[in-house]
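Following: one structure in structure tokens, then a few remarks.
The values are calculated or read from the model by the stated rules, or taken from the named source; none is laboratory data. Values in this document were obtained by computation on a predicted structure and should not be read as measured data. FYI the Cβ positions are ideal-geometry reconstructions off the backbone, even for glycines, and counts take in every protein chain you see. Quick note on the areas: whole protein, heavy atoms, side chains included, nothing else; ligands and nucleic acids left out. Shrake-Rupley method; radii C 1.70, N 1.55, O 1.52, S 1.80 Å.
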Amino acid sequence: ADTTAKREPATVETDELTQKVKRAKTDSENGRGEVGDEFETDVLSGFQTSAVLSDSAREKTIFIRGKLADEDAVVILEKTPIREDTLAELFTGSRLKLEMRNDIYSTYRLQPPPHLNEIKTTVVCPATEKHVKKYQRQESFLVEETGEDYKTITLPYIQKQSFSVQWVHNILEKKAEADRIVFEDPDKEVGFVLLPDFKWDQKQADDLYLIAITHQRNIKSLRDLTSDHLPLLQNIFQKGKEAILQRYNLPASKLRVYLHYQPSYYHLHVHFTKLGYEAPGCGVERAHFLADVIQNLQADTQYYKTRTLYFPLRADDGLLSKFKEAGRL
Ligand code: GTA
């Protein structure tokens, strides 16, 4: 019997969406992650919201958990900054509705043309439970990690539990985001790829955010660094700053260049953000200036192997439980 003929239209639609999500996933695993300007109108039309993980009226962001076809997904929506170069079009091409007028004061609702009213959208699909926890608003606790704690608690945990770095390998192998690369030094030892972080839409330099990813694959984080890595770190610092000056006309005095500890992804990478932009994770409890890292390693090759490092962990982070179990919290 022809069962397809008896299907409800809704099922057919869901099946098509499932295929689309699966196709996108296979494409990215095979490295066909390139994008163009075409509109993908139906990718999110089947998204079923199950919970708002967090939101911020000030940052104009919302992190949503839900289902995309039959897969768990996280969708992040973020209103983008208003760009100075669009102001003339914004004033001439928008509809304006008066809300109130009082003496010299008046407020309006301005409805801009669609292309000036975009929402930056990030989709993680399929999302793991760890992604859901990462984006969920929750209390944080500061952890004190000695060199010994790293070996006995953190390292065994991250070896089993950390996020996949497939996306990093795709970048290094030019299987994804190849057209976004700003600079590359292909050297196996000191080389790296510099490209826009996916949190930056590249429309304005005010929230500039790039990452430099090392070609070396065996450096997990700050903790693995010794003075042997100084040529690599100095190379990233120097050539990263030069590339940003050349491409975006931003001098080093306008940049905040740092590493995260703990990072989310255990493949060494360096964050380059615009000074003055409050990038997520740029606070003192998580960011380590690359310039300081270099000086610390110059003074003591074992610095990051032996020092106590401090970092925040979210309430339901598995690593926090491990620190509690070990009586270290
Ligand atoms: N180009 O595929 C990618 C990609 N991925 C998967 C991650 N990154 C990517 N960049 C490209 N392509 O800056 C970027 C991340 C991050 C860096 C990894 O790689 O954007 P990290 O290992 O130190 O991890 O850095 P970190 O900082 O924890 O990750 P992340 O994602 O920045 O999360 C920190 C906090 O930022 C989150 O808890 C959340 O509050 C906030 N955040 C995350 N994503 C967004 C977003 N899209 N919009 C707004 N806020 C966000």
Alpha carbon convex hull of the range 211-263, projected area averaged over orientations, nm²: 4.1 nm²
Spin-label pair residue 289/residue 140, simplified geometry with 7 Å Cα→Cβ offset, distance in nm: 2.0 nm
Percent carbon-and-sulfur accessible area, the range 232-282, ignoring ligands, DNA and RNA, probe 1.4 Å: 48 percent
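Expressed in nm to one decimal, what extension gain is obtained for the pair residue 282 and residue 164 from 0.36 nm per residue of sequence separation less their Cα-Cα distance? Can you show the working numbers first?
Details: separation 118, 0.36 × 118 = 42.48 nm, distance 2.26 nm.
40.2 nm is the gain from fully extending residue 282 to residue 164.
Could you give the Stokes-Einstein D for the chain in µm² per second, using the C-alpha Kirkwood radius, 25 °C, 0.890 mPa s?
Roughly 108 µm²/s, to the nearest whole number.
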Inter-centroid distance (Cα atoms) of the range 236-282 relative to the range 52-128, Å: 26 Å
Distance between modelled label sites at residue 206 and residue 252, nm, 7 Å Cα→Cβ extension: 2.8 nm
Virtual spin-label span in nm between residue 42 and residue 264, 7 Å along Cα→Cβ: 3.0 nm
Gaussian network model of the chain, Cα within-10 Å springs - most flexible of 312, 186, 114: 114
Phi-based couplings in Hz for the range 97-104 (Karplus 6.51, -1.76, 1.60; Gly and Pro marked x): 10, 6, 9, 7, 9, 8, 6, 8
Listed residues 91, 39 arranged by accessible area, highest first, probe 1.4 Å: 39, 91
GluC sites (Glu not before Pro), loop per DSSP, at most 15 other Cβ atoms within 10 Å - longest free stretch of the chain: 190-277
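Would you compute, from DSSP H runs of 4+ residues alone, the mean residue ellipticity of the chain at 222 nm, taking -39500 (n - 2.57) per run and dividing by the full residue count, rounded to the nearest 500? Display every interim value, and only then the final one.
Working: 9 runs with 90 residues, N = 329.
-8000 deg cm²/dmol, from helical runs alone.
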Accessible solvent surface per residue of the chain, calculated while the other protein chains remain in place, 1.4 angstrom probe, Å²: 58 Å²
Additional length obtainable on full extension of the chain from residue 119 to residue 217, 0.36 nm per residue less Cα span: 31.8 nm
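Quick check: residue separation of residue 89 and residue 109 times 0.36 nm, minus the Cα distance between them. What number comes out in nm? List each step's numbers first, then the result.
Numbers: separation 20, 0.36 × 20 = 7.20 nm, distance 1.61 nm.
Roughly 5.6 nm would be gained on extension.
Which of the three applies to the range 77-166, rounded, prolate or oblate, going by the alpha-carbon gyration tensor with a ≥ b ≥ c and a/c under 1.5 meaning rounded?
On the way: a/c = 3.85, a/b = 2.65, b/c = 1.45.
Prolate.
Report, in listed order, any pair from 160/220; 67/203; 60/254 with a Cα-Cα distance greater than 22 Å. Walk me through the numbers before you get to the answer.
Numbers: 160/220 13 Å; 67/203 30 Å; 60/254 25 Å.
Beyond 22 Å between Cα atoms: 67/203; 60/254.
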Rounded FRET efficiency, nearest 0.05, which uses the C-beta distance separating residue 96 from residue 130 and R0 of 41 Å: 0.35
